[in-house]
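**Student:** Have a look at this one.
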Amino acid sequence: MSFRDAGFPADRDMYEKNQILQINITDISHEGEGIGRTDGFTWFVKDTIPGDVVEASVMKTKKTYGYARLQRVIASSEDRVEPGCRKARACGGCTLQAMSYPAQLEFKRNKVRNVLERIGGFKLDEEGIRVEPVIGMEDPWRYRNKAIIPIGRDKDGKVTAGFYAAHSHDIIECEDCLLGCRENKDILVQIKKVYTDDMTHVLIRKGFRTGELMVCTVSNHDNNAVLSGEITPAAGSPDHIEDYIGDLKFRISPRSFFQVNPIQVEKLYGKAVEFAGLTGKETVWDLYCGIGTISLALAKKAGRVYGVEIIEQAIEDARENAKLNGISNAEFFVGKAEEVTLREEFAGCSPDVVVVDPPRKGCDRVCLDTILRMNPERIVYVSCDPATLARDLRILCDGDYRLQRVQPVDMFPQTVHVETVVLLSKGNISSQNVRVEFSLEDMDMSRFQQGATYKQIQDWVQEKYGFHVSHLNIAQVKRKHGIIERENYNKPKSLDSRQPGCPEEKENAIAAALKHFQMI
Ligand code: SAH
């Protein structure tokens, strides 16, 4: 009897190199490869997407999983499209190119949702939390304002620019990466003419709003930190450029950190500022502030902003940027967020709002504990990794904060990455909301109840208008139309004043639902 007959999961010994397998792709890994299973054995197959049925050849196997190379798509996923770039398979930089853009956005939204439930332990539907549709790009190509392109000689001594082949320093020619700007191609033609053997990379930065271009050649063989090498502006190139995010101006040097998708970053920061809910008086911390981009956007609407960042050069840039924009209510500190916020000068300043935008590994536990102790009204969490976001949100929500808004933004179309902005507010207000919602829910279930349930109203609005309304929204509109009073709903008046009003669009939709169900 074989393993298969006995129902055992398959073993790596069942497979040999170059063996051809038929695999149904059902998922995507965090690196962007398609995932499928044969007899319980997991395969990672680059260049495939969920819904594909493919023929793939075994490359290598580990104990419980293996890698296989796509040979042929037998049946295409309905989301499959022809990759825009001819070099997509060799490059591997944009692993979602074979997926239509709307499907990419839906995939990213689901990813955030799943991770919040699985890692964060949130029960999104029960808790009435909606992960908003991902804010995508109108044209999801050519969005990068920075390119670092390897340059060198090929086997025949010909100067080549492009990208490194997997696990090697052989350069595969590619002068027009479809994520980069159109100018890159002509620039590379010119640089190739003046190539010298010490060059390893070409750095090109473009100000999307100013149109300014900076071209530098780089000499560095440490590929993990290319820009730590020697950087020389090419003949005729400036040594810095300027660009805008919203109406804020930034000076960008070759080594400066600057978000690479300037179109989406405006939407991302716009959400972060909106969620911060500033009126002009607030004290705000911006932890992990980089060159102060979010801090300065916040400063225009807050009383005072304190930015904290570990890299000294970035803080110098942040101070310069504040000056450049005439902003005097933002102060910047060098150090680890988890340490600086414990310093005496911070101890006295209890912030109204804390914004964090940590690297992929998320916030340090000490930093989260400090934030909890400081007890701000609102926390805005900007995250580039949903998994660490979910972990940290659990800690904050166990510490009496409540998830209010979850808004993913697509900063990196064609790749698996997704950025998310989250609003948390202090539990004491929102736990009253929760109580209100639960008691209304109970009302709904009672045998005295007439008309549609909250769930039915929600579903009707979702179906007709395509957006979600919360129990609280429905309660507010019901109250406005005198229905709740009729239901003899007993609620202290004072609560009303603390609840945010229902947006007009939602109010109209709910009123339409109430009419539809003949409740008004
Ligand atoms: N908010 C900025 C930068 C976000 S990237 C922007 O949107 O442009 C995350 C930043 O956190 C990086 O600049 C990194 O240098 C910084 N960082 C990493 N670990 C840190 C720590 N422990 N304390 C403070 N800053 C840190």
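**Student:** List the aspartates and glutamates whose Cα sits under 13 Å from the Cα of Lys62, skipping any in the same chain fewer than 8 residues away.
**Tutor:** By straight Cα distance, Lys62 reaches Asp11, Asp13, Glu16.
**Student:** Express in nm, to one decimal, how much length is gained between Leu213 and Gln462 on full extension, taking 0.36 nm for each residue of separation and deducting their alpha carbon distance. Mind dumping the intermediate values first?
**Tutor:** Values: separation 249, 0.36 × 249 = 89.64 nm, distance 4.61 nm.
85.0 nm is the gain from fully extending Leu213 to Gln462.
**Student:** Measure off, as a whole percent, the carbon and sulfur share of the 1.4 Å-probe accessible area of the chain, all protein chains present.
**Tutor:** On the way: 12410 of 25600 Å².
C and S fraction of accessible area: 48 percent.
**Student:** May I ask you to derive the relative contact order of the range 3-80, considering only C-alpha pairs under 8 Å and at least 6 residues apart, and to give it as an integer percent? Mind dumping the intermediate values first?
**Tutor:** On the way: 187 pairs, mean separation 22.1, N = 78.
Averaging sequence separation for qualifying contacts and normalising by length gives 28 percent for the range 3-80.
**Student:** Can you tell me how the range 122-165 classifies by the Cα gyration tensor, rounded, prolate or oblate, using a/c under 1.5 as the rounded cut? Numbers along the way, then the final one.
**Tutor:** On the way: a/c = 6.20, a/b = 3.26, b/c = 1.90.
Prolate is the answer for the range 122-165, as a/c is 1.5 or above and a/b outweighs b/c.
**Student:** What distance in nm separates the simple spin-label points at His167 and Ile148, each placed 7 Å from Cα in the Cβ direction?
**Tutor:** 2.3 nm
**Student:** Another question, if that's okay. Based on the Cα atoms of the chain, what semi-axes does the equivalent ellipsoid have, where each is the square root of 5 times one gyration tensor eigenvalue, given in whole Å with the largest first?
**Tutor:** Details: eigenvalues 387, 237, 87 Å².
Its equivalent ellipsoid spans semi-axes of 44, 34, 21 Å.
**Student:** Here's a follow-up. If you count only protein heavy atoms with a 1.4 Å probe, what accessible area per residue comes out for the range 3-80, rounded to a whole Å²?
**Tutor:** Numbers: 4530 Å² over 78 residues.
Per-residue value: 58 Å².
**Student:** Mind pulling up the Rg/Rh value for the range 3-80? Radius of gyration and Kirkwood radius, both on Cα. It would help to have the intermediate numbers written out before the result.
**Tutor:** Numbers: Rg = 11.9 Å, Rh = 12.3 Å.
Rounded to two decimals, Rg over Rh is 0.96.
**Student:** Under a 1.4 Å probe, what is the accessible area of the range 190-271 per residue, stated in Å²? Spell out each step's value before the answer.
**Tutor:** Numbers: 3810 Å² over 82 residues.
Using a 1.4 Å probe on heavy atoms only, each residue of the range 190-271 averages 46 Å².
**Student:** If you find the alpha carbon centre of the range 74-120 and of the range 173-189, how far apart are they in angstrom?
**Tutor:** Cα centroid of the range 74-120 versus Cα centroid of the range 173-189: 24 Å apart.
**Student:** Once you place label points 7 Å from the Cα toward the Cβ at Ile263 and Ala347, how far apart are they in nm?
**Tutor:** 5.0 nm
The values are calculated or read from the model by the stated rules, or taken from the named source; none is laboratory data. Bear in mind that the values here come from a model prediction, so they are computed numbers and not experimental data. Ideal geometry is used to build each Cβ from the backbone, glycine not excepted, and the neighbour counts take in all protein chains shown. Surface accessibility is based on the protein's heavy atoms, side chains included, excluding ligands, DNA and RNA. Shrake-Rupley method; radii C 1.70, N 1.55, O 1.52, S 1.80 Å.
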